[in-house]
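This report concerns only the one structure given below.
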Amino acid sequence: MTSARFRAQVLRPHGHLLRQTTLSILAFFAPVFAVLYWLTIPLGEWVPVAIAQAVVMIAALVGILGFMRTCIWVDDTGISERGFFGRMASFSRDQVVSVVVLELYQSGAIDTHPQLFVTGADGQLLVRMRGQFYSRGAMDLVADELGAPVVRVPDPMTLTELNRLRPELLYWFERRLTGRTPREPEPRTDLGV
């Protein structure tokens, strides 16, 4: 008897982010370099401007390639992620203990974005999907495909609340001191395992 294998679902960040970022870079740097060329070509001092433009273009191309390579794929064997800087991480279904889905308020705004956290043993974060980058449908697909228990937090949370309740779910730059020592056990909350 052959086992049925699901085709891997490849999930990519919203394409409009790449378009908006590219247009913003062009809108900022095109006039700046146009003025710099206009000022330096008559003096014959345009070479440093051309070098600076080449550096900016290379940095932009590296950023575009990093964005285009970023993806998450999920299938019946588990979940894998290639981050913006090319870091690869793969986790089998056995490593996935739960999936936490919640709405997170944006700083200083009343808008919320969905967040999905794939967690492993001891609640450590394996993969995170942010609503700014991935669609709600992509998050639902991951939650369904992994088959792990899904904890849906009913009320939106602020970053401060999430940091107080489950700091291990946040990136290092989002964490703030909570007053607990690292050895203290995590308090049980409605955020699941």
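The values are calculated or read from the model by the stated rules, or taken from the named source; none is laboratory data. Note that the structure is a prediction, hence the values are computed from the model and not measured. Neighbour counts are summed over all protein chains in view; Cβ atoms, including those assigned to glycine, are modelled from backbone coordinates with ideal geometry.
For residue 15, the stated conditions hold: it is surrounded by fewer than 14 Cβ atoms within 10 Å (Cβ to Cβ), on the phi < 0 side of the Ramachandran plot and either hydrophobic (A, V, I, L, M, F, W, C) or modelled with pLDDT under 95 (or both). Of note, residue 77 does not satisfy the criterion of being polar (S, T, N, Q) and either under 14 Å from the mean Cα position of the chain (by Cα) or not assigned by TED's automatic domain parsing to the domain that holds residue 148 (or both). Taking first residues from segment 100-120 that are under 12 Å from residue 169 (Cα atoms) and of a type in the set (A, V, I, L, M) and partners that are modelled with pLDDT of 90 or more and part of a loop (DSSP other than H, G, I, E, B), the Cβ contacts under 6 Å between residues at least 6 apart in sequence or on separate chains come to 102/153; 118/96.
Quick check on segment 63-85. Is at least one of its residues of a type outside the set (A, V, I, L, M), exposed (fewer than 12 other Cβ atoms within 10 Å of the Cβ), on the phi < 0 side of the Ramachandran plot and modelled with pLDDT under 95?
Here is the first cut: in segment 63-85, the residues of a type outside the set (A, V, I, L, M) are 63, 66-67, 69-71, 73, 75-78, 80-85.
Filter once more, so that each one left must be exposed (fewer than 12 other Cβ atoms within 10 Å of the Cβ): 85.
From the residues that got through so far, the ones that are on the phi < 0 side of the Ramachandran plot too are 85.
Okay, now just the ones that are also modelled with pLDDT under 95, so 85.
Yes, some residue in segment 63-85 is of a type outside the set (A, V, I, L, M), exposed (fewer than 12 other Cβ atoms within 10 Å of the Cβ), on the phi < 0 side of the Ramachandran plot and modelled with pLDDT under 95.
Look through 34, 59 and report the one residue that is more than 30 Å from residue 127 (Cβ to Cβ), over 18 Å from the mean Cα position of the chain (by Cα) and without any contact (Cβ under 8 Å) to a residue 24 or more places away in the chain. First the steps, then the outcome.
On the way: 59 fails: more than 30 Å from residue 127 (Cβ to Cβ).
Residue meeting the stated conditions: 34.
When segment 89-147 is examined, which residues are found to be in a strand (DSSP E or B) and basic (Lys, Arg)?
Taking segment 89-147 and keeping what is in a strand (DSSP E or B), we get 89-92, 98-105, 112-119, 125-130.
Listed by number, the residues that qualify are 128, 130.
Every listed requirement among (1) farther than 23 Å from residue 127 by Cα; (2) surrounded by 15 or more Cβ atoms within 10 Å (Cβ to Cβ); (3) modelled with pLDDT under 90; (4) not basic (Lys, Arg) is met by residue 2 save one, (2).
Any idea which of 117, 91 is under 23 Å from residue 69 (Cα atoms) and buried (at least 19 other Cβ atoms within 10 Å of the Cβ)?
Details: 91 fails: buried (at least 19 other Cβ atoms within 10 Å of the Cβ).
Just a single option satisfies the conditions, and that option is 117.
Residue pairs whose Cβ atoms lie under 8 Å apart, separated by 6 or more positions or on different chains, with the first residue in segment 134-152 and surrounded by 15 or more Cβ atoms within 10 Å (Cβ to Cβ) and the second in a helix (DSSP H, G or I), are 146/93; 148/93; 150/143. Taking segment 158-193 as the range and being over 27 Å from residue 93 (Cα atoms) and either at pLDDT 90 or above or aromatic (Phe, Trp, Tyr) (or both) as the test, only 173 passes.
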